[in-house]
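First comes the structure, then the notes that go with it.
Only the coordinates and a few stated rules stand behind these numbers; no lab work does. Every value quoted in this text rests on a predicted model; they were computed, and no experiment measured them. Neighbour counts run over all protein chains shown; Cβ positions are idealised from the backbone, glycine included.
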Amino acid sequence: MELPAISVIISMYNAEKYIGECLDSILAQTFQDFEVIVMDDCSTDSSVAVVEGYKKFFNERLKLIRTKKNSGSCGIPRNIGMTFSRGEYISFVDADDTITLTAFEELYSVAKKFAADVVACEKYYPVPENRWADSKSRNQLEPVGIKKSNFVTEPTLLTNNFFERVKDLCMTSFLWNVWSKLIRRDFIFENDLVFANRIFEDIVFTSSLALSAERFVLVPNIINYYRIVEGSGSHPLEKGLEYFRKYVRALPASFRHFDEFLSGKEFFRQHPDQKYLVLERVWMEITNYIAHMYNKIPLHEFDEIIREVFSGDENVALMSFNFNVANYYRAELMQRIARIDEMEKSARQDKAYIAELENLVAQLLAKE
């Protein structure tokens, strides 16, 4: 049997409202040499029935695989989906999103032209849920990216100088979202790239791609419509603490997963300073998700959660990193405070000197 060009992997959990639209956007592609693997993570609604109803439209190119128990994130379903994939390249699509009509055609042509390990978009269309059904309104949305400027205007093969790649990663030059990429399947398995079974799986996986791929191509194409669900921004205390607990619990395992990945790379064994730069960048990106909680909930409310999560020898790497980073920034802050004190002292001296000059000028004018 001839192998497909692209394996599309969709992780799904209780997406009955959205999965049909997602599959419609894939079915309508101008490029049809693909297979679709829907990984159901133990949905409790009618998501599975919806997908079953679509099988007849895909002519045996749609597989539905169910996990034995809910994993709580997209990581494990995606890993399983990759083992079932047969395509030359892999594309990940979220069950509640859609892609543009020519998405696969655009990215696959670039992948073949550059013999790329990874083809990565820099922007996507964010679509608020209340504007999703209005196609005219949706088409008027401005695309967004993680950086503010210097977007590529044509397909651009990045240097495989990993000092530069670390610099790009630390400057946040890549979209973290894995659905913005087309990835060569053999490259994934040759580098033992897997998703961490945590909610930060995209950040860690994308960082691993950027630090492994010799042929990494950035493109100006915009292929993703990303659904923004309204009303999830504010939480009462109980939900806020649960949100904090969920993200903090994910932090140690995600950090350990990424630390082990970097430690296995010869480049980072030879250049441990570069490893520290990458860990710091990813650590900051992950902790940004919970940083805003600290001005909403009293610190003592977090104490029990922190004690629970950070106990145990398996967190040594993260605790060591946090200790070093905290003290590094503390030392830097103390230096800045010292410089501010010096500047304030100098300003006071300048002010006194100016006052003396003004007094002298006044005396001279009085004599005239």
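Residues with amide H under 5 Å of Gly87's amide H, sequence separation 5 or more or different chain, H placed in the peptide plane at 1.01 Å from N; which?
Ser7
Could you please state, rounded to a whole Å, how far the C-alpha centre of the stretch 1-50 is from the C-alpha centre of the stretch 159-202?
23
Go ahead and estimate [θ] at 222 nm for the chain from helices alone: -39,500 (n - 2.57) per DSSP H run with n ≥ 4, summed, over the residue count, rounded to 500. Mind dumping the intermediate values first?
On the way: 13 runs with 184 residues, N = 368.
After summing the helix terms and dividing by the residues of the chain, the value is -16000 deg cm²/dmol.
Sorted by average packing, counted as other Cβ atoms within 10 angstrom per residue and highest first, what order do 166-175, 208-217 take? Write down the numbers at each step before the final one.
Numbers: 166-175: 18.0, 208-217: 20.9.
Result, highest mean Cβ count within 10 Å first: 208-217, 166-175.
Taking amide H positions as placed in the peptide plane 1.01 Å from N, state which residues far from Ala95 in sequence (5 or more) or on other chains have amide H under 5 Å from it.
So Ala95 has HN proximity to Ser11.
How would you rank Ile37, Ile90, Ile354, going from fewest to most other Cβ atoms within 10 Å of each one's own Cβ?
Ile354, Ile90, Ile37
Based on other C-beta atoms within 10 Å, arrange Ser207, Ser180 from fewest to most.
Values: Ser207 21, Ser180 27.
Result, fewest neighbours first: Ser207, Ser180.
Counting only residues 5 or more places away or on other chains, whose amide H sits under 5 Å from the amide H of Leu62 once H atoms are built in the peptide plane?
Val36
Could you pull out the pairs from Lys246/Lys296; Lys17/Lys123; Lys181/Lys246 whose alpha carbons sit more than 19 Å apart here?
Values: Lys246/Lys296 17 Å; Lys17/Lys123 25 Å; Lys181/Lys246 27 Å.
Flagged as over cut-off: Lys17/Lys123; Lys181/Lys246.
Is the shape of the stretch 329-368 best called rounded, prolate or oblate, per the rule: a/c under 1.5 gives rounded, else a/b larger than b/c gives prolate, else oblate, with a ≥ b ≥ c the square roots of the Cα gyration tensor eigenvalues?
Values: a/c = 10.65, a/b = 9.64, b/c = 1.11.
Taking the square roots of the gyration eigenvalues as a ≥ b ≥ c, the stretch 329-368 is prolate.
Out of all DSSP beta bridges in the chain, what portion is antiparallel? Express it as a percent rounded to 5. Let's see the in-between values first.
Working: 11 of 35 bridges.
Of the beta bridges lying entirely in the chain, close to 30 percent run antiparallel.
By the gyration tensor of its Cα atoms, with a ≥ b ≥ c the square roots of the eigenvalues, what is the shape of the stretch 237-311: rounded for a/c under 1.5, prolate for a/b over b/c, or oblate? Don't skip to the answer; put the middle values down first.
Details: a/c = 3.30, a/b = 2.44, b/c = 1.35.
Verdict is prolate for the stretch 237-311.
Mind telling me which of Glu201, Glu260, Glu106 comes out most flexible in a GNM of the chain, alpha-carbon contacts under 10 Å?
Glu260
Give, to the nearest whole percent, the P(r) tail of the chain beyond 37 angstrom, counting all Cα pairs.
Details: 20461 of 67528 pairs.
Looking at the chain, the distances longer than 37 Å represent 30 percent of pairs.
If you plug each phi of the stretch 207-223 into the Karplus form 6.51 cos²θ - 1.76 cosθ + 1.60 with θ = phi - 60°, what whole-Hz ³J(HN,Hα) values come out, in order, with x for Gly and Pro?
4, 5, 4, 5, 9, 10, 6, 6, 10, 10, 10, 8, 10, x, 4, 10, 10
Using the Karplus equation 6.51 cos²θ - 1.76 cosθ + 1.60 (θ = phi - 60°), what ³J(HN,Hα) coupling, rounded to whole Hz, does each residue of the stretch 243-250 give in order, writing x for Gly and Pro?
These are the phi-based 3J(HN,Hα) values: 4, 4, 4, 4, 6, 5, 4, 6 Hz.
Going by how many other Cβ atoms sit within 10 Å of their own, how do Val178, Val38 line up, fewest first? The partial results should precede the final answer.
Details: Val178 23, Val38 29.
The order, fewest Cβ neighbours first, is Val178, Val38.
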